[in-house]
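These notes concern the structure reproduced below.
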Amino acid sequence: MSNFQYPVSTAREALSVTAPMFDADIFKNKLFVDLDEVRGGDFIEQITYRLGMEPDGFMPTNDYIKILFSGHIGCGKTVELMRLHRDLDMPTKYLSIFISVEDELVYSRFEPEDFYVLLITKLVQELKKRGITKDTASLERLANLILSSEEVEEIDKESLKDEVSAEAGIGVSFLNFLKLGLNLKTTLANESESSKKIRREVRSNLLHIIQVFNTYLTEIREEIKKQNQGQDILFIIDGFEKIQLDKYQKVLIQDANALTDLQCNLILSIPINSFYHITDTPMYFSEKYVVPMIKVDKPESAEKLKEIVGRRINIDALFENDSSIEKCIEFSGGCIRQLFEIINAAVLKTVGRSKINTAIVDNVIEMLGGRMRERLDSKHVEILKNGNFQPADEPVRWMLYGLILLKYNGIKSIRLNPLLEKYMKDAGELGAK
């Protein structure tokens, strides 16, 4: 990826940094804006308190909690999870392991068993980075349970050359998991005999594997404390919401007892359309949070969103006047991704020949609203007309996932996306409210 000098000032650079798939280190590039005050709900403070943060220090939790972390596509879940990781990953708090499922696995080839293999291999990789390479009897048992096939033993040793060349003190079991971790994406995506055997072993011995993994967590936790790398272990898993419906439901619903039996704290992102379905099992997941959209009708909220835009692009260089950027913010619905989608489409409309004006923004709003309308069938339209948005209803869940409906902070806070609302009102499908 190109290295940009933020905020960028040219239309071509703006197209890149406002694109939906734009990927940059938000914190390193100073693009982060704290939205706690305008989001409402204090969910970050509640999460950190539940994880042991006290006003005057840190107290490890007495139980191992599993936190479901949900929200719309583009609402800022990844940034908030990264912030939690940055704030909690320190010797006086946690050895925190941030896992991007998208980076580690191929979504279309994901199987439920991969989740547990991912946890083990990422823990071993993180321990290696921290200089903790202790082999234990429990890790050896895990290796025997999961990595017993000859195919796994023969994973390309060349990939380990730079990682473990000539290092003393690394046990065979630790090395085998390290080797698997370095090849995990390729191994599981290829659906080779190796991946089939790994998954078969995990599937048939899941509860036993979790018991042994818990023993390893207990043993290695003490080593982590001894080497001043943290007081406990925390997994933060991002991107799990993009996995196929039946796959993550297997992990989170059918096998929820296995997940909750893990003796570690864990934050797991889930899709908003499944949030209400999965949380129908409160005995398993008592800790659950939704990242709400930002209400743009408040001046302080609009200013924060404008600040986010201004960190990436030079607003004065690319917009003709304040009303143009303000309209983009208004029709974003408080969704950061949608805000940049509007701006990106507006930049493209200029083809680099002019600044963005209100006429261009109006044209983009109509275009994006029309595209959204084309995705709806008669059942969805009828629900939108009567305004009865019950998240337990499957069509409503689908519209939440697709940003047709937006969830804000509070009870009964689901609203129609302003892009679609304007389009349908202009077409006479919705009355004025």
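What follows draws every value from the coordinates through simple rules; no lab data is involved. Keep in mind that this is a model prediction, so the values were computed, not measured. Because the Cβ atoms are built from the backbone with ideal geometry, glycine has one as well, and the counts that use them run over all protein chains shown.
Summary table below
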quantity	calculated
Per-residue HN-Hα couplings for segment 295-310 [Karplus 6.51, -1.76, 1.60; θ = phi - 60°; Hz; x = Gly/Pro]	6, 7, 7, 9, x, 5, 5, 4, 5, 5, 5, 5, 5, 4, 4, x
Dipole of segment 1-150, positive end: most advanced residue of PRO55, LEU119, ILE26 [Cβ charges, Cα centre]	ILE26
Residue among PHE389, PHE22, PHE69 with the largest mean-square fluctuation in a Gaussian network model of the chain, springs linking Cα atoms under 10 Å	PHE22
Whole-Hz ³J(HN,Hα) from phi, Karplus 6.51 cos²θ - 1.76 cosθ + 1.60, for segment 412-422, glycine and proline x	6, 10, 7, 10, 6, 4, x, 4, 6, 4, 5
Distance (nanometres) between label positions extended 7 Å along Cα→Cβ at ASN214 and LEU245	3.3
Alpha-carbon centroid distance for the pair segment 99-145 / segment 373-433, whole angstrom	41
Label point 7 Å beyond Cα of ARG109 along Cβ direction - residues of segment 171-192 with amide nitrogen under 12 Å	183-192
GNM result for the chain, Cα springs below 10 Å: residue of ARG50, ARG12, ARG39 fluctuating most strongly	ARG12
Highest-MSF residue in the chain out of ASN417, ASN144, ASN214 [GNM, Cα springs under 10 Å]	ASN144
Debye, to nearest 20: dipole size of the chain, +1 on Lys, Arg Cβ, -1 on Asp, Glu Cβ	780
Helix axis angle, 336-350 relative to the chain longest principal axis, alpha carbon, degrees	50
Net length gained if the chain between GLU300 and GLN390 were fully extended (0.36 nm per residue, minus Cα distance)	29.5 nm
Distance-filtered residues of segment 377-410 - backbone nitrogen under 16 Å, label point 7 angstrom along ALA427 Cα→Cβ	377-386, 404-405
Relative contact order (%) - criterion: Cα under 8 Å, at least six apart; region: segment 42-291	37
Euclidean distance between Cα centres, segment 318-372 to segment 198-263, Å	43
Long-range amide H partners of ILE414 with built H, under 5 Å	TYR408
Fully extended contour minus Cα-Cα distance, from ALA359 to LYS379, at 0.36 nm per residue	3.9 nm
For segment 252-268, Karplus couplings with θ = phi - 60° (6.51, -1.76, 1.60), whole Hz, Gly/Pro x	9, 10, 4, 10, 4, 5, 5, 5, 6, 6, 4, 8, 7, 7, 8, 10, 10
Cα-projected label distance for LEU145 with GLN254, points at 7 Å along beta-carbon direction, nm	2.0
Scattering curve values for the chain, log₁₀ I(q)/I(0), Debye with Cα scatterers, q = 0.10, 0.14 Å⁻¹	-0.79, -1.30
With Cα atoms, 0 to 90° folded angle of helix 193-204 axis to the chain main axis	90
Spatially proximal lysines relative to LYS355 (Cα-Cα < 30 Å; intrachain offsets below 8 disregarded)	LYS28, LYS30, LYS295, LYS298, LYS304, LYS306, LYS327, LYS422, LYS425
Square roots of 5 times each gyration tensor eigenvalue, C-alpha, segment 42-291, largest first, Å	28, 23, 16
Ordering of 135-142, 26-33 by packing [mean C-beta count within 10 Å, highest first]	135-142, 26-33
Per-peptide average of other Cβ atoms within 10 Å, ordering 371-377, 192-198 highest first	192-198, 371-377
The chain - mean residue ellipticity at 222 nm from DSSP helices (-39,500 (n - 2.57) per run, n ≥ 4, rounded to 500)	-14500 deg cm²/dmol
Residues SER286 and THR92, FRET efficiency given R0 of 35 Å [Cβ-Cβ distance, rounded to 0.05]	0.85
Total charge dipole magnitude, segment 42-291, about the Cα centre, Cβ charges on Lys, Arg, Asp, Glu only, Debye to nearest 20	60
Normalised contact order of the chain, rounded percent, pairs of Cα under 8 Å and 6 or more residues apart	25
FRET E, pair ARG311, LYS196, Förster distance 45 Å, beta-carbon r, rounded to 0.05	0.45
Peptide ranges 261-270, 85-94 listed from the most packed, as the mean C-beta count within 10 angstrom indicates	261-270, 85-94
In nm, spacing of pseudo-spin labels at LEU207 and GLN227 (7 Å Cα→C-beta vector)	3.4
Rounded tilt (10° steps) of 206-226 against the dominant C-alpha axis of the chain	90
For ILE236, distant residues with modelled amide H under 5 Å away	ILE97, PHE98, ILE99, ILE267
